[in-house]
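Here the structure comes first, spelled out in structure tokens, and everything after it is commentary.
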Amino acid sequence: MTHDEINDLATRFVAAVAAGDVATVEAIYADDATIWHNFDKINQTPSENLATLLGMHRMLTNIRYEDIRRTIVDDGFYQQHVLRGTTKSGELDLPAVLRVYVADGRITRLEEYLDTAQVAAAMR
């Protein structure tokens, strides 16, 4: 894939996650993709991650990714962003970093780095 194609994929992926568009996210993940988070160090399957996505959309409204800084590399991309949304208790303002690996037009591995203490504080 070219860097432009990877960037387009990244843009579609982030928009689909923000919108809760499970079908698009599922189509972007390779069938055997792994999704890993620094806070639990567990490799999720795409279906497990889609359940997490649905859970996020039950807890948050007005979900958006802002302050996106993305670097495209030959095998995927790095992205730093702030995930923002509204909880029952107030606003979530969660800086995070992704390292995403791409092959054949699909995400094969996603590594997400974030501080769960900020999530817990927003949910109080």
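The values are calculated or read from the model by the stated rules, or taken from the named source; none is laboratory data. Treat the numbers as computed from the prediction; the structure is a model and nothing was measured. Cβ: placed from backbone, ideal geometry, glycine included. Neighbour counts: every protein chain shown.
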Do we find a residue being at pLDDT 95 or above, surrounded by 13 or more Cβ atoms within 10 Å (Cβ to Cβ), closer than 19 Å to Thr45 by Cα and more than 13 Å from the chain's Cα centre (by Cα) anywhere in the stretch 82-101?
-> no
Restricting the stretch 6-27 to residues that are in contact (Cβ under 8 Å) with a residue 40 or more places away in the chain and within 16 Å of Gln79 (Cβ to Cβ), the one surrounded by the fewest Cβ atoms within 10 Å (Cβ to Cβ) turns out to be Asn7
Only one of Arg69, Arg84 is part of a strand (DSSP E or B) and under 18 Å from Ile6 (Cα atoms), namely Arg69
Among residues of the stretch 1-39 being among the aliphatic types (A, V, I, L, M) and over 15 Å from Leu53 (Cβ atoms), the residue nearest to the chain's Cα centre (by Cα) is Ala10
Quick count over the stretch 28-47, residues being modelled with pLDDT of 95 or more and loosely packed, with under 13 Cβ neighbours inside 10 Å, is 3
query: Can Leu50 be described as within 21 Å of Ala117 (Cβ to Cβ), without any contact (Cβ under 8 Å) to a residue 40 or more places away in the chain, surrounded by 13 or more Cβ atoms within 10 Å (Cβ to Cβ) and not β-branched (Val, Ile, Thr)?
result: no
Here the residues within the stretch 2-38 that are closer than 23 Å to Ile63 by Cα, assigned to a helix (DSSP H, G or I) and of a type in the set (Asp, Glu) are Asp8, Glu26
Would you confirm, using the coordinates I've provided, whether Thr108 is surrounded by 16 or more Cβ atoms within 10 Å (Cβ to Cβ) and touching a strand residue (DSSP E or B) at 6+ places or on another chain (Cβ under 7 Å)? yes
